[in-house]
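Here the structure comes first, spelled out in structure tokens, and everything after it is commentary.
The values are calculated or read from the model by the stated rules, or taken from the named source; none is laboratory data. As the structure is a computational prediction, the values presented were derived from the model and not from experiment. Cβ placement follows ideal geometry from the backbone for every residue including glycine, while neighbour counts extend to all protein chains displayed.
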Amino acid sequence: MKIKYKFLTIAVTAACLALPLGNGESVNAMPVVGAECTQQVLMPFRSAKIDANLTRIKDMTGDMMYLVEGRDKAALIDTGIGVGSLKQYVEKLTNKPIVVIITHGHVDHASGTAEFAEVYMSKADQELFKEHTSFVNRAGYIGAGNPEFAKTISETDYQPLDNPERFKDLQGDSTIDLGGVHLDIYNIEGHTHGMKAVLLRENRALLTGDGANMFTFLFSKETLGLKSYKASLQALQKATAGKYDKVYCSHGGGDLTVDYLERLIEDCDNILAGKDDKIPFSFMGHTANIAYEIGPDHNRLDGGIGNIVYDPQRIED
């Protein structure tokens, strides 16, 4: 059984950190280059257009960002691990002024903000941002998914540290107007306290980020307990009912089923009832349970949808 658990740890980490773009998603690809190159030319990004005004971008760890274009300006949702110039890359995709929306303060989503002037993030994640976007934490994260590449990166390849106190507060029940394209912001507390989902109103698409992911991490100090997370999902489900036909997340393949919130709520109920598989998992010093066992393709062996990695000591929180 130890071999199987080790496999699951590797598989989940790979799914959450470094899955490559699928077939047909190499448009505008830029190669990963060595650390001898300057930060100005280090652009380890690739992207694919998934709607007329929507582009999905991945960095070298597989973390996803989304570029949404309106008539007057564009929104970049998340900024990845902060290696190379994401700004230069995005400016090749759009000539519109860019506003940045950070869904939450984790290292793999918020580390590239320093080169952007206008940034929104929930104040609830300010301290988390400061902790997670340090150079040491970025290097540790990259090393967990791509240790050989991590060895080639020097501190000058990283975007500078940023001060989140300069950010505008990203609040639930608010809207950002890009000019004919509206981004409605919703709370989805759980993965972090400041976690936000973004509804692309005209695209009828819900971006859940890490708040509802293919493997939703719910086990570190900044997360809610399972019961509270379920309530958060239920609130989001009620607030967005009938408003979207597509669901996007920030890891893995990027596409989720339209009923994904409902499926995750059912997963919470099964965990609360003790009906999950309780597969041991460890990641960057944390221990937790994977709710459902997965196979080599990262899909659940029982054929179900959704998975949660949770702290078994905080199920009732």
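So in region 102-131, with the set limited to residues that are among the β-branched types (Val, Ile, Thr) and in a helix (DSSP H, G or I), which one is nearest to Val90 (Cα to Cα)?
Checking each candidate, the answer is Thr113.
Could you list, in sequence order, all residues of region 132-178 that are outside any loop (DSSP other than H, G, I, E, B) and of a type in the set (Phe, Trp, Tyr)?
Phe135, Tyr141, Phe149, Tyr158
If Lys221 passes every condition in (1) part of a loop (DSSP other than H, G, I, E, B); (2) free of Cβ contacts under 8 Å to residues at least 40 places away in the same chain; (3) closer than 19 Å to Ile102 by Cα but one, which one does it miss?
(3)
Of the residues that make up region 190-208, is at least one of a type in the set (Asp, Glu) and under 16 Å from Asp311 (Cβ atoms)?
no
Of all residues in region 182-198, which are buried (at least 22 other Cβ atoms within 10 Å of the Cβ) and farther than 13 Å from His104 by Cα?
Leu183
Part of a helix (DSSP H, G or I) and at negative phi: is that true of Tyr248 in this structure?
No.
Just the residues that are closer than 19 Å to Met60 by Cα and free of Cβ contacts under 8 Å to residues at least 40 places away in the same chain, please, taken from region 111-169.
His132, Ser134, Phe135, Val136, Asn137, Ala139, Gly143, Pro147, Glu148, Ala150, Lys151, Glu155
What single numbered condition from (1) at positive phi; (2) at pLDDT 95 or above fails to hold for His298?
(2)
Taking region 274-296, which residues are buried (at least 17 other Cβ atoms within 10 Å of the Cβ) and either closer than 23 Å to Gly143 by Cα or among the polar types (S, T, N, Q) (or both)?
Listed by number, the residues that qualify are Phe281, Phe283, Ala288, Asn289, Ile290.
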